Each structure stands twice: as structure tokens, then as C-alpha cells.
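A.B. asks: Pasting in a structure now, in C-alpha cells, and then I'll have a few things to ask.
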Amino acid sequence: MSTLFSHLRRGFGENIRFALLAVRAHKLRAFLTVLGIVVGVATVIAMVSIVTGFNNNMVRNFQSFGATLVQFQKFEARFGPGHRDESERNRKDLTYDDALALKASVPEMRAVSPERYLWNTDVHVRYRDAETTTPVVVGATPDYSMANNHFVGYGRFFTDNDIERATTVTVIGEDVRKALFGGEDPLNKWLSFNGTQYMVVGVFDIKGKMFGRSNDNFVAIPTPSTSQPFPTAPTRSRRSWRRGELSCAPAGMWPSTSRMTSRSSRRTR
């Protein structure tokens, strides 16, 4: 047994000595070999990290909606432009009264949020000399925050009185706050919203990006007061269909293609 271990020890030593001689004799080849191994391992680790990070980000984004979220809209959800089927166009429009009826008839619903998204519309939001033209604009009701898990970080959200009186108040996202106010406190400041003055009453929590699009470049105003800066805002546009986010409106008052978001107090089966 001792003889066997002696031979193994001698053979291992010879292999080490031969390898060191080869490295000294071919320094460039040895360097390139080591470099290739390092680059290959680093590439595999980087790819695994990217895929894992992307997967975790997607899971977090979808988990943020919660398990009790239900959305209703007239048209089928879709990605990309295209022709709408005649049967879809012939469906009845969702109205504000539908939202009220849903909330009244289903006590398990903690929040029902009719929403008017204004796509493909010129938006000019100004504060003094600062201006932004890129925010997503939504007409919302007090239930919006709970239904969409999109809460105010500081300040307040809309009240029933804001909806009844169509008050000109607004809640802005963090991107809009930075673009217009910088380090200044935006609360109780007045914005020019396509020529209509709106007072900032709140700032949304920071939500970050999803699918490469910022969820903080956002402006919410009470749904009834959207008719002031956007009296003829289009909703039946190619961009509206591509985004799959449509407006919600009382019949005869605003464009009637619609989306409703509701959140129940328990999981649905």
C-alpha cells in the first residue's frame, strides 16, 4: 500500500513539474487559456444573474397587483395595433353607473375604480418655466388607489367631494414632481394643465419601471374634471388599442370606451 501511495505521489509531482515547465515555455498560450476560462465562467454567471433578476422583477411586478384584482373593459386585452373584431366593437360601453352598480351589488368589493386614460392626446403640464409633455394622464375616482395598489406617498388623494364638484386638483407621480418642482415642495402649488389650473394635493409613491416604462411619469385628476383640459380627448385610437387601457365615462358625458378595476376583500376561486 505504501508503495502505491509513493508512486501516486511521484506521479503527481511529475505532472505538476511538467505543467509548470509548459507554462514557462508557452506563457502567451497559458495566459490566453486562463483568460478564456475566466471569460467563459464570468459570462455564464452574468447570464444566470440577469435571467434571475429579470424573473424576480417580473414576479414582484405581478405580485404588486395582488390576488384579488379584477379588471373589466370593453375590448380584449392585446399587444400591438390591429383591426378590432366587429363583435368587440358592438359590445356595450362600460359607464360610471356600471361601476356604482357593481360596488353596490357586490359587498365583497373593497374598491371599484372607473378610469379614463387619455392616450394620443397633447399634454402640456407647466409650473412656472418648467414643462413636461410626457406623463400618462388618468381620470380617477377615490377608489383608484386601493383598486390599483397605487397609493399617495404624501399629501392626499381625491375625495367624493372632488368628484361631485369636479374640483381642479391633481395627484402627480415622482417623475413629474422632479421635472416640474425639483427640490421644491409641490403640495398646494398650481399647475397649468393644457391651460387649466390644477392644484397639487398629493404625490404618488415611487413604483419604478415595468416592461421598461416608468410608472412614476403619471398624473391623476378627478374624472369629471378631465373634460376641462381635454374636452374632445380621443380614445378610439390605434395607440389606445395597442396599450389596452381604455377610458371609463358616464354615458353622454365623456367618450364611452372604458375600463373598470375592482379589488375584492378576499381571493376569488
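The values are calculated or read from the model by the stated rules, or taken from the named source; none is laboratory data. Keep in mind it's a predicted model, so treat the numbers as computed, not measured. Cβ atoms come from the backbone with ideal geometry, glycine included; neighbour counts cover every protein chain shown.
A.B. asks: Restricting to region 145-162, and then to whatever is modelled with pLDDT of 90 or more and buried (at least 19 other Cβ atoms within 10 Å of the Cβ), can you tell me which residue is nearest to V203 (Cα to Cα)?
C.D. replies: The extreme case among them is F157.
A.B. asks: Which of the residues belonging to region 108-124 are more than 22 Å from F157 (Cβ to Cβ) and modelled with pLDDT of 80 or more?
C.D. replies: Matches in region 108-124: H124 only.
A.B. asks: For the condition touching a strand residue (DSSP E or B) at 6+ places or on another chain (Cβ under 7 Å), within 30 Å of M58 (Cβ to Cβ) and hydrophobic (A, V, I, L, M, F, W, C), what is the one hit in F193, F204?
C.D. replies: Answer to the check: F204.
A.B. asks: Select from region 150-174 the residues that are part of a strand (DSSP E or B) and among the small types (G, A, S) and write down the one among them that is farthest from Q197 (Cα to Cα).
C.D. replies: It comes out as G153.
A.B. asks: Quick test of your reading of the structure: P142 fulfils all but one of (1) assigned to a loop (DSSP other than H, G, I, E, B); (2) surrounded by fewer than 16 Cβ atoms within 10 Å (Cβ to Cβ); (3) at pLDDT 80 or above. Name the failing condition by number.
C.D. replies: (2)
A.B. asks: May I pose another question? Of the residues in region 92-127, how many are buried (at least 22 other Cβ atoms within 10 Å of the Cβ), in a strand (DSSP E or B) and among the aliphatic types (A, V, I, L, M)?
C.D. replies: Qualifying residue count, region 92-127: 2.
A.B. asks: Okay, moving on. Under 7 Å between Cβ atoms, which residue pairs at least 6 apart in sequence (or on different chains) link something in region 169-186 that is in the same structural domain as Y127 (by TED's automatic domain parsing) with a partner that is charged (D, E, K, R)?
C.D. replies: V169/D162; G173/D216; E174/D216; D175/D216; P186/R177
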